[in-house]
Amino acid sequence: MLRFTLMLISLSLLSACALTRVSDGAHRKEVDELNAVGLTLEAARAKAVENGFACDAQVRRNVSVATADGVRRSDTLECNKTSAELMCPQRRYVTFNADAASGKVYAVGARIARHSCF
């Protein structure tokens with residue numbers, strides 16, 4: 001019984017799933033705390049990097065983004081953060097959409113990519 005318990009503890013420490021994974025709500029809260037709406041994309045990038053995200057090197061220009069008001073031309077920047085798991089890490093994304101004309105962020109998206117390895 002002791003061996004079985006030690007094996008379970010070892011496996012959980014190796015994968016670190018219980019320690020580093022976050023829920024959708026916790027990730028959304030982390031993204032909301034960036035307070036990026038109204039900033040330039042470079043200022044939003046700086047805030048994201050401060051909070052542990054790695055951002056794409058290039059901003060995607062004039063991308064069609066569907067909004068509640070219809071399709072809007074936007075400049076977008078995507079950043080991501082990977083959990084510290086050794087096996088099947090969770091990757092969390094934040095996407096900044098900025099008005100193509102003014103360069104100011106008008107919307108921030110958040111998503112999590114979960115990979116099932118077993």
**Item:** Subset of segment 34-48 [without any contact (Cβ under 8 Å) to a residue 60 or more places away in the chain and open to solvent by 80 Å² or more (accessible area, probe 1.4 Å)]
**Value:** Asn35, Glu42
**Request:** Note down all Cβ pairs under 9 Å where the first residue falls in segment 63-91 and is farther than 22 Å from Leu34 by Cβ, the second is of a type in the set (A, V, I, L, M) and at pLDDT 80 or above, and they're at least six residues apart or on different chains.
**Result:** Ser64/Val71; Val71/Val65; Arg73/Val63; Arg73/Val65; Arg73/Ala100; Arg73/Ala101
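When segment 83-103 is examined, which residues are found to be among the β-branched types (Val, Ile, Thr) and touching a Ser or Thr at 6+ places or on another chain (Cβ under 9 Å)?
Listed by number, the list holds a single entry, Thr95.
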**Prompt:** How many residues are more than 22 Å from Ser23 (Cβ to Cβ) and open to solvent by 90 Å² or more (accessible area, probe 1.4 Å) if we restrict to segment 70-103?
**Reply:** 3
**Request:** For segment 49-66, state whether one or more residues are buried (at least 16 other Cβ atoms within 10 Å of the Cβ), within 19 Å of Arg91 (Cβ to Cβ) and either in contact with an Asp or Glu (Cβ under 6 Å, 6 or more places away or on another chain) or of a type outside the set (Gly, Ala, Ser) (or both).
**Result:** yes
**Message:** Among the listed residues Arg73, Arg61, Arg21, identify the single one that is within 18 Å of the chain's Cα centre (by Cα) and among the basic types (Lys, Arg).
**Reply:** Arg21
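The values are calculated or read from the model by the stated rules, or taken from the named source; none is laboratory data. Since the model is a prediction, treat every value here as computed from it, not as a measurement. Positions of Cβ are generated from backbone atoms using ideal geometry, with glycine treated the same way; all protein chains shown enter the neighbour counts. Heavy atoms of the whole protein, side chains included, go into the accessibility calculation; ligands, DNA and RNA do not. Shrake-Rupley method; radii C 1.70, N 1.55, O 1.52, S 1.80 Å.
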